[in-house]
2 protein chains.
Amino acid sequence: MKQNVLIIGAGGVAQVVAHKCAQNNDVLGDIHIASRTLSKCEAILESVREKDAMKQEGVLQAHQVDAMDSAAVAALINKTGAQIVINVGSAFVNMTVMDACIETGAAYIDTAIHEDPTKICETPPWYANYEWKKRDLCAEKGVTAILGAGFDPGVVNAFARFAIDEYMDEVKSIDIVDINAGSHGKYFATNFDPEINFREFTGVVYYWEDQQWKEKQMFETGHDWDLPVVGTCRAYQSGHDEVHSLATNYPQADVRFWMGFGDHYINVFTVLQSLGLLSEQPVKTAEGQEVVPLKVVKAVLPDPSSLAPNYTGKTCIGDLVKGTKDGKDVEVFVYNVADHKDAYNEVGSQGISYTAGVPPVAAAMLVATGEWDAKTMKNVEELDPKPFFSILDKIGLPTRVQVGGLDGEDKAWNE
Amino acid sequence: MKQNVLIIGAGGVAQVVAHKCAQNNDVLGDIHIASRTLSKCEAILESVREKDAMKQEGVLQAHQVDAMDSAAVAALINKTGAQIVINVGSAFVNMTVMDACIETGAAYIDTAIHEDPTKICETPPWYANYEWKKRDLCAEKGVTAILGAGFDPGVVNAFARFAIDEYMDEVKSIDIVDINAGSHGKYFATNFDPEINFREFTGVVYYWEDQQWKEKQMFETGHDWDLPVVGTCRAYQSGHDEVHSLATNYPQADVRFWMGFGDHYINVFTVLQSLGLLSEQPVKTAEGQEVVPLKVVKAVLPDPSSLAPNYTGKTCIGDLVKGTKDGKDVEVFVYNVADHKDAYNEVGSQGISYTAGVPPVAAAMLVATGEWDAKTMKNVEELDPKPFFSILDKIGLPTRVQVGGLDGEDKAWNE
C-alpha cells in the first residue's frame with residue numbers, strides 16, 4: 001500500500017494525469033505536481049479546481065523543480081511525502097527521476113522511453129539502453145518501477161498479454177494499430193510538441209519478425225485497417241517503444257506497430273522533410289543568422305495545447321493478436337475507442353493527451369492498492385492486465401474485444 | 001550612336017548579359033560590370049575569359065558600387081565613360097540607377113519594375129508608381145530609358161506589338177504564356193532568389209479585362225496550353241509587370257499573363273505558404289530567437305545558380321494575340337523556344353537566366369546603333385520590334401510565329 005502522488009511535468013498529458021489523480025484522491029491521497037515552470041503547474045491546478053475534480057477534500061499543490069536534477073527531485077519526494085511518482089515530463093528526464101525514486105523508495109511510473117537530447121532517435125534495444133540497466137537495483141532495493149504505462153506503450157501491452165493469456169496456447173503475431181480519426185480543424189498541426197512528434201518519423205522503423213530485428217523506412221509499408229467505430233483507416237508501420245519490450249517478452253511472436261496518417265499529413269511531412277526543414281542541424285541564412293529549421297517549423301505550427309477546444313472525432317487504438325488454441329488458428333482484436341470532445345469536456349484536453357494520461361493514473365491506483373506494487377521493475381505486459389482494465393473501465397478508457405479478429409463478435413473484455 | 005556599357009548587378013542574369021556584351025563588343029565598345037560585391041563581378045569576368053567570349057580585343061573591367069547610392073553610380077558612369085547602363089541588379093535599385101543615368105546622360109535599360117524593399121508586392125499601376133514619374137524629365141533631358149527589356153517583360157511586349165501591327169486592324173486580347181518545361185533534377189528549387197521568386201505568387205493576381213483592372217488569387221485559374229516543342233503544359237494566371245504597360249498602350253485589349261507550374265511545385269509552395277513559412281514577418285522560437293521564416297526556407301533551398309550544370313529541357317514563352325483583320329477574327333501566336341543545356345554550354349547559365357539576360361543586350365545594341373536611342377522613356381512595345389527580333393535571331397533567341405494561333409502554321413517571324 002502506497003500513498004500520495006508526485007506528478008512530474010506540466011504539459012498536456014500532465015493535465016490529464018492531474019485531473020484523474022484528483023478524481024481518485026480517495027485512493028491516491030495527496031496530489032503534488034512539479035515542473036521547471038511553476039506557473040504551468042498552477043494553471044493545471046486551476047483547471048482541476050474549475051472542474052471541481054477533487055473527489056474528496058485533500059492536498060493539491062504545485063512545485064518548481066528541475067527534473068534533470070535527481071537530488072532536487074529526491075528532496076521534493078521527501079518533502080511532499082509522495083510514495084508514487086508519475087513521470088510525464090520530457091523524454092529526457094526519465095533516468096534522473098527514476099534515480100530519485102530508487103534513492104527515496106518511491107514507486108516510479110512513466111509513459112515512454114528515455115531519450116538522450118543529443119540524439120535524433122534512439123535505436124533498439126531501447127529500454128535496455130537506459131531503463132533496464134536499473135532493473136537489478138530496483139529489485140535489490142524493492143523499488144516498484146512501471147515502465148511505459150501510457151496507452152501505447154502501456155495499455156496496448158496489457159491488451160497483448162490479455163489476448164494471449166485468455167485466448168491462446170501460442171502467440172504468432174502482435175500488430176498494434178493506433179488511429180486518430182479526429183479532426184482539429186487546422187491546416188496542419190501535431191498533437192504533441194512538434195520537435196518530439198516529428199522525431200518519431202524521421203528515423204528508421206524497427207520491428208520484430210522471424211525472431212529478429214528488421215528495418216524499414218517510414219511510410220514504406222501502409223495498410224488499410226477496417227476498425228470498429230472509426231471505420232477503414234490507413235496506417236503505416238512505424239517504430240514504437242513497446243515493440244521492444246513485447247519482442248523481449250514474446251520473442252516467438254512477430255511484433256509490429258502501425259500509426260494512422262492521412263494523406264495530407266504525410267504530404268506536409270514529406271515536403272518539410274525533403275526540403276530539410278525538419279533538421280535539427282543549424283543552417284545559416286544569407287544574413288548570417290544561425291537557425292535550427294525544426295525550431296522555426298515548431299514556431300509557425302499551432303501550439304498543440306490550443307487544439308483541444310475544437311477537436312472532434314474519435315481515436316481507436318488496439319492490438320490484433322494472432323496465435324493458436326488447441327491447434328487451431330485464432331485471432332483477437334482488443335481495443336479502446338476514445339472521444340476528443342468527451343475528453344475536453346471532462347479534463348480540458350484533447351483525446352490524444354487523454355489516452356496517454358489516464359493509464360498511468362490507473363497504474364498508480366494499482367500501486368496504491370498493492371496489486372501492481374511489484375517491488376521491482378516491470379513493463380506493463382509483465383503485470384496482471386485484469387485489474388488494470390477494471391480501473392480503466394471506470395475512469396474513462398473501457399476495453400473491448402473482438403474474438404475472431406477484426407470481423408469478430410464485439411464485446412466488453414469481461415463479458 | 002552610343003558606346004561603352006556599364007552592367008549593374010552580378011547575379012545569374014548579369015552573367016548572361018556580360019557574356020553577350022563581350023560577344024558583341026564590336027558594337028558595344030568597353031564592357032564594365034559593377035555590384036556591391038567585387039568578387040562576384042570578377043567571377044563573371046573570369047567565366048567570360050574562360051569561354052573566350054570577347055569578339056574583339058577591348059576593355060572588360062569589374063567595379064565595386066552600391067547601386068542604392070545614385071551619386072556613386074553617376075561617378076562610375078563618368079569614370080568608365082559608359083553611355084549605356086544595363087541594370088540587372090536587384091529590383092530595389094532601379095530608381096537610383098535611373099537617376100544616375102538622367103544625371104550623366106547615359107542610356108538606361110532594365111528588365112523589371114522597381115520595388116520598395118519594405119513591401120511584399122507592388123500593386124498596380126506598377127510602372128506609374130516609380131518609373132513613369134521620370135518620363136517627362138527623360139524627354140526634357142533627351143535621356144533614353146528602356147523599361148522592362150528582358151524576356152517577360154520585354155520580348156513578349158515586342159511580340160504583342162508585332163502581332164498587332166502585322167496581322168490585325170484591332171486587337172482584342174493578349175495572353176502571355178511563360179512555360180519552363182526544363183528539369184533541374186532537385187526535389188525543389190526556385191530559378192531566381194527564393195525571396196523574390198515567391199513574392200511574385202504570394203500577392204493578388206492583377207489583370208486587365210473589359211477595360212478595367214480585375215483581381216484573382218494565385219492558382220485560382222489554370223489552363224492547359226498546347227504549345228510548340230514543349231507540348232501541353234498547365235499554366236496559371238499570375239500578375240506580371242508587362243500586363244500594366246500593355247494595358248496602358250492597348251487599353252481596348254484584355255491582357256493576361258500565365259505562368260507554368262507543375263503540380264509538385266504548387267504542392268510545395270502551398271504547404272510552405274499555408275504553414276506560414278513564406279512569411280517575411282519574424283516569428284519567435286521557443287528559445288526566444290527572432291527569425292524570418294522565408295529566410296530559413298531560402299537557406300535550405302538549393303542556390304539557384306547551382307542548378308545550371310544539370311538543367312535539361314526547354315522553355316517556351318510566347319503571346320497568343322487575338323483580334324480582327326478586315327472584319328474577320330484572327331489569332332497569332334508569337335514565341336521563342338530556348339534550351340537550358342545550350343544556354344549552359346554557351347554562357348554557363350540556365351535557360352531562365354539566358355532568356356532574361358540576352359534581350360537587354362539586344363536593346364543595348366539597338367541603342368548603340370541608334371535604332372532604339374529614343375531620347376526619352378519607352379516601354380518595349382513602344383519601339384519598333386523588327387530590328388529587335390533581327391538581333392535576337394542572331395544572338396540566341398529566334399522569334400517564331402504561328403498564324404492562326406496555337407494550331408496555326410509555324411514559321412520564322414520574317415519568313
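The values are calculated or read from the model by the stated rules, or taken from the named source; none is laboratory data. Source: prediction; values computed, not measured. Cβ placement follows ideal geometry from the backbone for every residue including glycine, while neighbour counts extend to all protein chains displayed.
Report, by residue number, each residue of region B:200-224 that is among the small types (Gly, Ala, Ser) and assigned to a strand (DSSP E or B).
Just the residues of region B:200-224 that are among the small types (Gly, Ala, Ser), to begin with: B:203, B:222.
Scanning region B:200-224 gives a single hit, B:Gly222.
A:Glu115 meets all of the listed conditions (1) at pLDDT 95 or above; (2) charged (D, E, K, R); (3) closer than 24 Å to A:Ala72 by Cα but one, namely (1). For region B:133-156, taking the residues that are surrounded by 24 or more Cβ atoms within 10 Å (Cβ to Cβ) and in contact with a Gly (Cβ under 7 Å, 6 or more places away or on another chain), the one that is nearest to B:Leu397 (Cα to Cα) is identified as B:Gly154.
In the condition set (1) farther than 30 Å from B:Ala286 by Cα; (2) outside the structural domain of A:Gly105 (by TED's automatic domain parsing); (3) part of a helix (DSSP H, G or I), A:Val332 is compliant with all but (3). Say whether the condition of being buried (at least 24 other Cβ atoms within 10 Å of the Cβ) and among the small types (Gly, Ala, Ser) is met by at least one residue in region A:74-84. Scanning region A:74-84 turns up at least one residue that is buried (at least 24 other Cβ atoms within 10 Å of the Cβ) and among the small types (Gly, Ala, Ser). Selection over region B:188-212 of residues that are farther than 21 Å from B:Gln350 by Cα, surrounded by 15 or more Cβ atoms within 10 Å (Cβ to Cβ) and at pLDDT 90 or above gives a count of 4. Residue-level check: of (1) away from chain A (no Cβ under 13 Å); (2) surrounded by fewer than 16 Cβ atoms within 10 Å (Cβ to Cβ), B:Trp258 misses just (2).
Taken over region A:1-32, the criterion of being over 21 Å from the mean Cα position of the chain (by Cα) and buried (at least 24 other Cβ atoms within 10 Å of the Cβ) is satisfied by no residue. The criterion of being among the hydroxyl-bearing types (Ser, Thr, Tyr) and buried (at least 23 other Cβ atoms within 10 Å of the Cβ) holds for A:Ser245. Residues in region A:242-264 that are under 17 Å from A:Ala149 (Cα atoms) and outside any helix (DSSP H, G or I): A:Phe257 alone.
For B:Lys411, the conditions (1) over 25 Å from B:Glu170 (Cβ atoms); (2) surrounded by fewer than 17 Cβ atoms within 10 Å (Cβ to Cβ) are fulfilled apart from (1).
I want to confirm something. Restricting to region B:225-240 and keeping residues that are touching a Cys at 6+ places or on another chain (Cβ under 7 Å) and assigned to a strand (DSSP E or B), which single residue is surrounded by the most Cβ atoms within 10 Å (Cβ to Cβ)?
If we filter region B:225-240 for residues that are touching a Cys at 6+ places or on another chain (Cβ under 7 Å), which is where we start, we get B:225, B:227-230.
Then drop every residue that is not assigned to a strand (DSSP E or B), which leaves B:225, B:227.
Details: B:Trp225: 20, B:Leu227: 23.
Ranking the candidates gives B:Leu227 first.
For region A:176-191, the candidate set comprises residues that are touching a residue at least 40 places away in the same chain (Cβ under 8 Å) and hydroxyl-bearing (Ser, Thr, Tyr); within that set, the residue that is farthest from the other protein chains (Cβ to nearest Cβ) is A:Ser183. Screening A:Val367 against (1) outside any helix (DSSP H, G or I); (2) more than 14 Å from chain B (Cβ to nearest Cβ) leaves a single unmet condition, (1). If you filter region A:265-316 down to residues that are assigned to a strand (DSSP E or B) and without any contact (Cβ under 8 Å) to a residue 12 or more places away in the chain, you find that the one that is farthest from the other protein chains (Cβ to nearest Cβ) is A:Glu290.
Has region B:118-127 got at least one residue that is in a loop (DSSP other than H, G, I, E, B) and more than 30 Å from B:Ser279 (Cβ to Cβ)? No, the conditions are met nowhere in region B:118-127.
No other residue among B:Gly150, B:Gly231, B:Gly222 is under 30 Å from B:Trp413 (Cα atoms), without any contact (Cβ under 8 Å) to a residue 40 or more places away in the chain and not basic (Lys, Arg) apart from B:Gly222.
Evaluated against (1) closer than 30 Å to B:Phe162 by Cβ; (2) out of contact with any Lys or Arg (no Cβ under 7 Å at 6 or more places or on another chain), B:Ala253 falls short on exactly one condition, (2). Within region B:1-15, the set of residues being touching a helix residue (DSSP H, G or I) at 6+ places or on another chain (Cβ under 6 Å) and farther than 13 Å from B:Tyr108 by Cβ comprises B:Ala10, B:Gly12, B:Val13, B:Gln15. Residue pairs whose Cβ atoms lie under 7 Å apart, separated by 6 or more positions or on different chains, with the first residue in region B:66-83 and farther than 16 Å from B:Ala107 by Cα and the second of a type in the set (D, E, K, R) and part of a loop (DSSP other than H, G, I, E, B), are B:Asp66/B:Arg36; B:Ala72/B:Asp66. Here is the figure for region B:315-328: residues that are more than 15 Å from B:Asp165 (Cα to Cα) and surrounded by fewer than 20 Cβ atoms within 10 Å (Cβ to Cβ) total 2.
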